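One structure is given below, encoded as structure tokens.
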2 protein chains.
Amino acid sequence: MAAGTPGRVRVYEVGPRDGLQNEPAFVPTEDKVALIDALATAGLPAIEATSFVNPRWIPPLADAENLCAALRDRPGLPRITALVPNEKGLERALAHGLREVAVFMSASESHNKRNINKTRAEALAAFAPVFERCRAEGVAVRAYVSVVWGCPYEGPVSPAAVLETTERLLDLGAYEVSLGDTIGVGHPRQTRELLEALLATVPADRLAMHMHDTRGTALANCLVGLEMGIRTFDSSVGGLGGCPYAPGASGNLATEDLVYMLHGMGFETGVDLDRLVAAGMLAEALLGRPLPGRALKALAATCTTGPAPSSQPVSASDR
Amino acid sequence: MAAGTPGRVRVYEVGPRDGLQNEPAFVPTEDKVALIDALATAGLPAIEATSFVNPRWIPPLADAENLCAALRDRPGLPRITALVPNEKGLERALAHGLREVAVFMSASESHNKRNINKTRAEALAAFAPVFERCRAEGVAVRAYVSVVWGCPYEGPVSPAAVLETTERLLDLGAYEVSLGDTIGVGHPRQTRELLEALLATVPADRLAMHMHDTRGTALANCLVGLEMGIRTFDSSVGGLGGCPYAPGASGNLATEDLVYMLHGMGFETGVDLDRLVAAGMLAEALLGRPLPGRALKALAATCTTGPAPSSQPVSASDR
């Protein structure tokens, strides 16, 4: 398995966008800046900061302009990215100096229709001028494909449909396609079968995995991806980003869990886990509640010294 | 990988013992009986119910006698087991008709000393008459080895030390040795290296894995075990069983998460996931708080219909 030959893994932080977009209370722009600063300090190489959709669609991200303006003034940030649903969103992103944007669509027709009110063919057609403009501006485009492991309306999604969508997006000019397990139903056997189908024609370095931990299987699925050569994984600080249909349920894979596993296995990420835990603790403080990430909870307890097992007392009855 | 050739996996439920032993409030015996009934109804093949240690050591399990007496009267229960630290504990277990007991020790000297106040050599010597008596009575003995993936006092534990301990316990007469990641530090590469060392001489069907999800890696580690032929995994309903050094942190792997992954991959367990979720919801009701299991939270939201993704609404902005 590839785990025996460690290398570099890119951890793509989506917490400020994918995590905060479902928050019931608006998080002030200065708090978002502080969180992004903390994530940058932790060494994350890419941070998805917000979304240039119509503010009425996603009120928690209605400050996209102000946030990007504030971030533009800060030196030393890693790549800051944002979702753009169309040319109008792209213009707003470009006006704020973003050098990478992301488009998004679904692997299933029903989810695409409900999520962005277009057929998949219409979505791809609408993306064409976005890609064209980005090419002219030298701006990188990432593409998200959601409900890859299962659709809430259609159930299982065929690997062939995912492959077709992935190839179309790469042909349009996406540098990478991030495959999302939007409802967190994926399991490792399915992941292996899916990736076998995709990797027959798509190079591994054009794919990323965006797993949700709704049923606890995110890291096991990532492990399969690692074994098969995937080297970019999306995650969210603290697991920020609840599951819309089950209050309290986990959504996004927690960045700390992912980084803990990767470092243990010998992969380099450029992330400082202690500082990442500090960013997670900041996120909890800003939101006023614990986040679902597991390593965050465990490591926050030993944050000043880092995850040194020798400093952890155990009860007489532990096992 | 073995995932491509599904077979049967034995899920060894330890929630009533390993989960409840750290509960601050005593759970009434009748509630324990109700929980064990629910777990039995869900189809778990083995349930570790309690521990015949000195009640002063573990007050939450001080009702071991009453519990086992109550369980003895109930028809249709699967194998009910209990921890026994010594001959005295064994006598109590035998008096209540148990047909399987478990002994426990640590992979590291320091943890063994602090946990059971014996060196490992002393522990093994003390087990000898326990095994002897069990052999005479036809009672099965399981053995737990804790801190296999890391010791809170010594740090890393060598696979050679684990192998030696495992072989001694099997030689004494254990039918199976359950390897515990007591502090939840294990990662998949370490698991692979550990199992490679053990499986060179120990058959896979004499080993079980008892993973803690403290840093989110339990299922990924189990996946490695599955790939390498391990077919028995310990878990705890709802992830019951907190981590003693980090309030709110996860301890035991949640049975629902494990079963969800196994069933997705095509493994048979004999467990009805809907009924297992019902048992988890009962555990939450008895304890008056949510449990950390992820699949439990997600599936409880759709419990009457089971985990059908088509019944799950998603927000317009989900991805």
- Sort out which residues of region A:187-201 are closer than 24 Å to A:G7 by Cβ and within 13 Å of chain B (Cβ to nearest Cβ), and write them in order of number. A:P188, A:T191, A:R192, A:L194, A:L195, A:E196
- Message: Just the residues that are surrounded by fewer than 16 Cβ atoms within 10 Å (Cβ to Cβ) and in contact with a His (Cβ under 8 Å, 6 or more places away or on another chain), please, taken from region B:31-82.
- Response: B:A69, B:R72
- Message: Condition first: outside any loop (DSSP other than H, G, I, E, B), over 11 Å from B:W149 (Cβ atoms) and touching a residue at least 40 places away in the same chain (Cβ under 8 Å). Now tell me which residues in region B:207-225 satisfy that.
- Response: B:L207, B:A208, B:L219, B:L223
- Query: Among the numbered criteria (1) of a type in the set (A, V, I, L, M); (2) in a loop (DSSP other than H, G, I, E, B); (3) more than 23 Å from B:R294 (Cβ to Cβ), which single criterion is violated by B:V185?
  - Reply: (3)
- Which ones in region B:63-82 are modelled with pLDDT of 95 or more and either among the acidic types (D, E) or farther than 23 Å from B:D234 by Cβ (or both)? B:D63, B:E65, B:N66, B:A69, B:A70
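Each row is one residue, and each column tells you yes or no for (1) modelled with pLDDT of 95 or more; (2) at positive phi; (3) more than 9 Å from every other protein chain (Cβ to nearest Cβ).
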residue	(1), (2), (3)
A:D234	yes, no, yes
A:G241	no, yes, yes
A:G248	no, yes, no
A:G264	yes, no, no
A:C303	no, no, yes
A:S310	no, no, no
A:P313	no, no, no
- Message: I'd like to know if region B:101-108 contains one or more residues that are within 14 Å of chain A (Cβ to nearest Cβ), out of contact with any Leu (no Cβ under 6 Å at 6 or more places or on another chain) and over 29 Å from B:L67 (Cβ atoms).
- Response: yes
- Filter region A:22-59 for residues that are touching a Lys or Arg at 6+ places or on another chain (Cβ under 8 Å) and within 14 Å of chain B (Cβ to nearest Cβ); which is nearest to A:P75 (Cα to Cα)? A:E48
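Condition check ((1) part of a loop (DSSP other than H, G, I, E, B); (2) of a type outside the set (D, E); (3) within 14 Å of chain B (Cβ to nearest Cβ); (4) more than 19 Å from the chain's Cα centre (by Cα)) across all residues:
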residue: A:P129; (1), (2), (3), (4): no, yes, no, yes
residue: A:A136; (1), (2), (3), (4): no, yes, no, yes
residue: A:Y144; (1), (2), (3), (4): no, yes, yes, no
residue: A:W149; (1), (2), (3), (4): yes, yes, yes, no
residue: A:E167; (1), (2), (3), (4): no, no, no, yes
residue: A:L170; (1), (2), (3), (4): no, yes, no, no
- Would you mind finding the one in B:T201, B:T255 that is modelled with pLDDT of 90 or more, over 25 Å from A:D181 (Cβ atoms) and either of a type in the set (S, T, Y) or in contact with a His (Cβ under 7 Å, 6 or more places away or on another chain) (or both)? B:T201
- Considering region A:202-217 alone, what residues qualify as being facing chain B (nearest Cβ under 8 Å) and within 25 Å of B:Q190 (Cβ to Cβ)? A:D213, A:R215, A:G216, A:T217
- Residues of region A:141-160 classified as aliphatic (A, V, I, L, M) and either free of Cβ contacts under 8 Å to residues at least 24 places away in the same chain or surrounded by fewer than 18 Cβ atoms within 10 Å (Cβ to Cβ) (or both), total: 1
- Message: Within region A:269-276, does at least one residue satisfy the condition of being assigned to a loop (DSSP other than H, G, I, E, B), of a type in the set (S, T, N, Q) and more than 9 Å from chain B (Cβ to nearest Cβ)?
- Response: yes
- Kindly indicate whether A:L179 is modelled with pLDDT of 95 or more and in a helix (DSSP H, G or I). no
- Item | Verdict on A:G288 being surrounded by fewer than 18 Cβ atoms within 10 Å (Cβ to Cβ), more than 8 Å from chain B (Cβ to nearest Cβ) and at pLDDT below 90 | no
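The values are calculated or read from the model by the stated rules, or taken from the named source; none is laboratory data. These figures come from a predicted structure and were not determined experimentally. Every residue, glycine as well, gets a Cβ built from its backbone with ideal geometry; the counts of neighbours run over all protein chains shown.
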